[in-house]
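Chemist: One structure is given below, represented as structure tokens, and several questions about it will come after.
The values are calculated or read from the model by the stated rules, or taken from the named source; none is laboratory data. What you see is a predicted model, and the numbers here were worked out from it, not measured in a lab. Note: ideal-geometry Cβ built from the backbone for every residue, glycine included; neighbour counts use all protein chains shown. To get the accessible areas, we keep the full protein, side chains included, count just its heavy atoms, and leave off ligands, DNA and RNA. Shrake-Rupley method; radii C 1.70, N 1.55, O 1.52, S 1.80 Å.
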Amino acid sequence: MQNGNLIETFDLVKQFPIGGRKFTALRDVNMKVRRGEFLGLVGPSGSGKTTLLNIIGALDKPTSGRTVVIGMDTGKLSHKESAMLRSEYLGFIFQTYNLLPVYTVYENVEFPLLLLGMEEKKRREMVISALKWVGLDDRARSRPSTLSGGESQRVAIARAMVKRPKLVLADEPTANLDAENSFNVLDMMVRLNEELETTFVFATHDDKVIRYLRRKITLNDGRIVEDIETVPSPPGQGGE
Amino acid sequence: MLVLKLALRNIIGAGLRTWLNVVVLSLAFVLIVWTQGFIQGMQEYSQRALIDTEVGGGQFWRPEYDQYDPLTLEDSHAPLSPALRKLVNDGSATSILITMGTIYPGGRAMPALIKGIDPSQKALNIPAGMLGRVSDGDIPGLIGQRMAKTTGLREGDFVTVRWRDVGGTFDAADIRIAAVVITDMPTIDQGQIWIPLERLREMLRTPGEATLVVVDKDTATVPEAGGGWIFRDQEYMLKEIVEMVKSKMVSTLFMYSLLMFMALIAIFDTQVLSIWRRRKEMGTMMALGMMRSRIVALFTLEGALHGFLAVVAGAIYGLPLFMLSKKYGFPMPDVVDDWGFAIPQKLYPSYGAVLLLGTTLLVLVSVTLVSYIPSAKISRLKPTDALRGKMT
Ligand SMILES: Nc1ncnc2c1ncn2[C@@H]1O[C@H](COP(=O)(O)OP(=O)(O)OP(=O)(O)O)[C@@H](O)[C@H]1O
Ligand SMILES: [Mg+2]
């Protein structure tokens, strides 16, 4: 962080044992991400996007190499410490939303704040404002099973954003959404990025997402093959 | 606190499934307590009844006497020792003389125990006083309702009885049924006929003798009898029934443990077999920054709460049930007559603290274990594995 980088990776290698052999999913990945970036990991299926995202999120450990996230060397963190890193600084958005099925929309969004031990009144304010943000404050009492895909993903975004994390990791957030919902959700994330300076890292091969990116890192076969700045070209109001 | 709050949220959120589990589990809980209380009540009753009608405060036996072998009766009689005579004269004990005989109700021969009892005795709850009803020369006899049924004898009937006296000589006489006694106790009823002690002594030519001497149950200290008489205390006399009831308790407990097991399977199913949904839930919670130990605690507590709710629910509908049955008793069907011990017309179950607490503990501990083990297993997965399957 001293140098202004939110994420730094050094010679990351990730291998998975398959049968008796080893499959290399990431090879010598070196990248730096600065605060406030809106960045995408792109590349064909199987190129290692999710694997890299998981390592950045301290959900997985590299076979070799080092990752520093928000000033913390994730390889050296205990279970408890990496849970704290995620709880305090990171937000996750999954392709399949991963809402907790027995909780209401409100309770799902409240969950990260409960983990932070925040007091009731403050929790309430933040949950309601997050739900307003994604336009779902009227669905607070609904259960996930009654929501559409777009609505579910908006709840997941509210849950990831409610604690104002420094970094949001989003794995294929639009894969299950139609075009209109995708653009909706992306517009929302751009707004969060601009207003709160939240850093976004996507893993995606969705063109709709790619149009919004300001930086694109292309992976192929576990290697970074391209790392370029791009000019976002979001569609006009109402999509195309 | 957080974990408790979340666990409550989880089980309330799970709605119907939670209630189903709780209902099944509480049913198992109530049934276990109910049946065990029932049997415990039965034991208490039959012990009391046995003491009242048979055991008293213990019995003095002849050394040859074996209560399960009628053939030993021939040698099991002797005059009372001075100590015993004093006890009997004080009204603290009563003599009983027993012999094997044959009776001929309606011309059929059947073996019967002929028991001599003092019509004025107070030690046992046997209405021997009714033997005084027949005043003329007839030998009066008392039988129980089961004996009346098997022999077809009724009050006022005569029945011929044949016996052997102490010298081995056969003799016969008619006994007139003075009364048919309604009793819960098959042991003072089936296959036996009660007549006045002095008459039986005359018939056997054994004046002043007895087979056993029953001590009144209120007698504080029982003296040494001397003269070869052996004292069998209550514990000895009740050993068999206590064991019988115990085995009954174990076998019914086993039955209802099966029910309990089924309830546990239902919980097990919620906690384990829906592993996919829950596994993803756990992975999601890990990704959101929840610590493993807390996740395990959460899922364990969730299961334990099922047990807790089941106990509470069980108490809500069980306690009034227990209370009412304890107060008003429970009418017993006749079929259980062949259980081998006294079955009252109405049973008053008995629910001890050990039973209630023990069953509560059983429910709580087993439910908690069944929840802890799988949660601990799943939580050891890497978060990515826990999340996987859907997240690519
Ligand atoms: N736990 C694992 N065990 C074995 N192989 C794995 C494991 N996780 C990922 N892989 C392999 O590593 C490679 C990279 O996987 P990853 O999920 O990172 O790809 P991706 O770029 O996210 O692909 P997609 O676009 O399909 O999501 C794939 O070939 C995958 O099969
Ligand atoms: Mg992927």
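Chemist: Regarding the stretch B:152-209, what's the average projected area of the Cα-atom convex hull, expressed in nm²?
Modeler: 4.7 nm²
Chemist: I'd like to check one number: the per residue accessible area of the stretch A:1-94, probe 1.4 Å, reported in Å² as a whole number.
Modeler: Normalised by residue count, the accessible surface of the stretch A:1-94 is 43 Å².
Chemist: Take every DSSP beta bridge with both residues inside the protein assembly as shown and express the antiparallel ones as a percent of the total, to the nearest 5. Working shown, then result.
Modeler: Details: 56 of 84 bridges.
Among the beta bridges of the protein assembly as shown, antiparallel pairing accounts for roughly 65 percent.
Chemist: What percentage of the solvent-accessible surface of the stretch B:58-232, computed with a 1.4 Å probe over protein heavy atoms, is contributed by carbon and sulfur atoms?
Modeler: Details: 4140 of 8210 Å².
It is 50 percent, rounded to a whole number.
Chemist: Computed on alpha carbon atoms, what radius of gyration and Dmax characterise the stretch A:5-229, expressed in Å?
Modeler: Computed over the Cα atoms of the stretch A:5-229, radius of gyration and Dmax are 17.3, 55 Å.
Chemist: If you put +1 on each Lys and Arg Cβ and -1 on each Asp and Glu Cβ, how big is the dipole of chain A around its Cα centre, in Debye rounded to 20?
Modeler: 640 debye
Chemist: On the first, second and third principal axes, largest extent first, how far apart are the outermost C-alpha atoms of the stretch A:107-223 in Å?
Modeler: Reported extents, whole Å, longest axis first: 46, 29, 25.
Chemist: Please identify the helices of chain B, taking whole runs of DSSP H, that span at least 15 Å along their own axis as judged from the Cα atoms and have a mean Kyte-Doolittle score of -1.0 or higher.
Modeler: Both cut-offs are met by B:2-13, B:16-50, B:234-268, B:275-287, B:292-328, B:353-379.
Chemist: Return the residues of the stretch A:58-72 for which accessible area with all protein chains present is lower than in the chain on its own by 50 Å² or more; set the probe to 1.4 Å and exclude ligands, DNA and RNA.
Modeler: In the stretch A:58-72, residues shielded by partner chains: A:LEU59.
Chemist: Estimate for me the total accessible surface buried between chains B and A (protein heavy atoms, probe 1.4 Å, no ligands or nucleic acids), in Å² to the nearest 100.
Modeler: 2700 Å²
Chemist: Taking every pair of alpha-carbon atoms in chain B, what share in percent sits in each 10 Å bin, from 0 to the bin with the longest distance?
Modeler: The distribution over chain B is 5, 18, 20, 15, 11, 10, 9, 7, 4, 1, 0, given as percents.
Chemist: If R₀ is 22 angstrom, what is the calculated FRET efficiency for the pair A:ASP187 and A:ASP207, using the beta carbon separation as r and rounding to 0.05?
Modeler: Numbers: r = 16 Å, r/R0 = 0.72.
Calculated transfer efficiency: 0.85.
Chemist: Name the residues of the stretch B:282-319 whose accessible area, probed at 1.4 Å, falls by at least 40 Å² once all protein chains are in place instead of their chain on its own?
Modeler: Buried by 40 Å² or more upon assembly, which counts only protein chains, are B:THR284, B:ALA287, B:LEU288, B:GLY289, B:MET291, B:ARG292.
Chemist: Shifting gears a bit: Using a 1.4 Å probe on the protein chains only, how many percent of the accessible area of the stretch A:130-176 belongs to carbon and sulfur? It would help to have the intermediate numbers written out before the result.
Modeler: Numbers: 640 of 1670 Å².
Solvent-exposed carbon and sulfur of the stretch A:130-176 make up 38 percent of the total.
Chemist: Going down the list B:LYS149/B:LYS326; B:LYS122/B:LYS326; A:LYS122/A:LYS166; B:LYS248/B:LYS346; A:LYS208/B:LYS382, which pairs span over 26 Å between their C-alpha atoms?
Modeler: Violating the 26 Å Cα-Cα cut-off are B:LYS149/B:LYS326; B:LYS122/B:LYS326; A:LYS208/B:LYS382.
Chemist: While we're on this one: Provide Rg over Rh for the stretch B:142-244; use the alpha carbon set for both Rg and the Kirkwood Rh (inverse mean inverse pair distance). Write down the numbers at each step before the final one.
Modeler: Values: Rg = 16.8 Å, Rh = 16.5 Å.
Rounded to two decimals, Rg/Rh equals 1.02.
Chemist: Per residue, how many Å² of accessible area does the stretch B:58-232 show with a 1.4 Å probe?
Modeler: With the other protein chains kept in place, the stretch B:58-232 gives 47 Å² per residue.
Chemist: Can you list the aspartates and glutamates whose alpha carbon sits under 16 Å from that of B:LYS5, skipping same-chain ones fewer than 8 residues off?
Modeler: A:GLU107, A:GLU110, A:GLU119, A:GLU120, B:GLU302
Chemist: Calculate how many DSSP beta bridges within chain A are antiparallel, expressed in % of all such bridges and rounded to the nearest 5.
Modeler: Numbers: 23 of 40 bridges.
Roughly 60 percent of the DSSP beta bridges within chain A come out antiparallel.
Chemist: Using the Cα gyration tensor of the stretch B:32-175, with a ≥ b ≥ c the square roots of its eigenvalues, what is the shape: rounded (a/c below 1.5), prolate (a/b larger than b/c) or oblate (neither)?
Modeler: Oblate, since a/c reaches 1.5 and b/c is not below a/b.
Chemist: Just list whichever of B:LYS239/B:LYS327; A:LYS32/A:LYS132; A:LYS61/B:LYS377 have alpha carbons separated by over 26 Å in the model shown.
Modeler: B:LYS239/B:LYS327; A:LYS32/A:LYS132
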